[in-house]
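These notes are about the structure you will find just below.
Where a number appears in this text, it was derived from the coordinates with a stated rule and is not lab data. This is a predicted model, so every value here is computed, not measured. For neighbour counting, all protein chains shown are included, and Cβ atoms are generated from backbone atoms with ideal geometry for every residue, glycine included.
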Amino acid sequence: MAKKAAAKPTAASPRLKSSSLLDTRVVYCGDNLEQLAKLPDACVDLIYIDPPFNSNRNYGQSLTGTVWGETKEKRAFEDRHENIRGYIDYMRPRCVQLARVLKKTGSFYYHCDWHASHYVKVMLD
């Protein structure tokens with residue numbers, strides 16, 4: 001059986017290349033506000049965030065050592081803020097930094113639920 005030759009990149013299927021602005025092969029760990037401050041302006045094409053929802057709950061490890069019943073899930077976090085203003089005050093500087101690093105042609109997705117969605121929309125507008 002003959003081997004199929006690798007297709008050469010064309011205008012319709014360009015060869016993907018790494019960003020020249022930052023190393024896209026790295027997972028940056030830590031507080032996102034601190035990590036975002038290290039990134040250059042307009043260097044990101046797509047941002048998807050799934051922050052705490054301001055649900056006024058603590059998500060801690062259960063007796064089984066998991067949060068949502070998945071055996072590999074080990075995270076725990078507190079999703080409590082004094083009030084909705086406290087939540088927005090926590091998220092606003094992060095969103096400002098995200099807007100700074102997002103390219104003008106980029107897309108931004110903010111995952112939230114009914115607890116703060118209307119307040120988040122006003123903040124982002």
Those residues that are free of Cβ contacts under 8 Å to residues at least 12 places away in the same chain and either surrounded by fewer than 12 Cβ atoms within 10 Å (Cβ to Cβ) or under 16 Å from S55 (Cα atoms) (or both), I need them from segment 97-125; list them, please. W114, S117, H118, K121, V122, D125
Return the pair list, or none, for Cβ contacts closer than 9 Å from residues in segment 22-36 that are without any contact (Cβ under 8 Å) to a residue 12 or more places away in the chain to residues that are small (G, A, S), at least 6 apart or on different chains. T24/S18; R25/S18
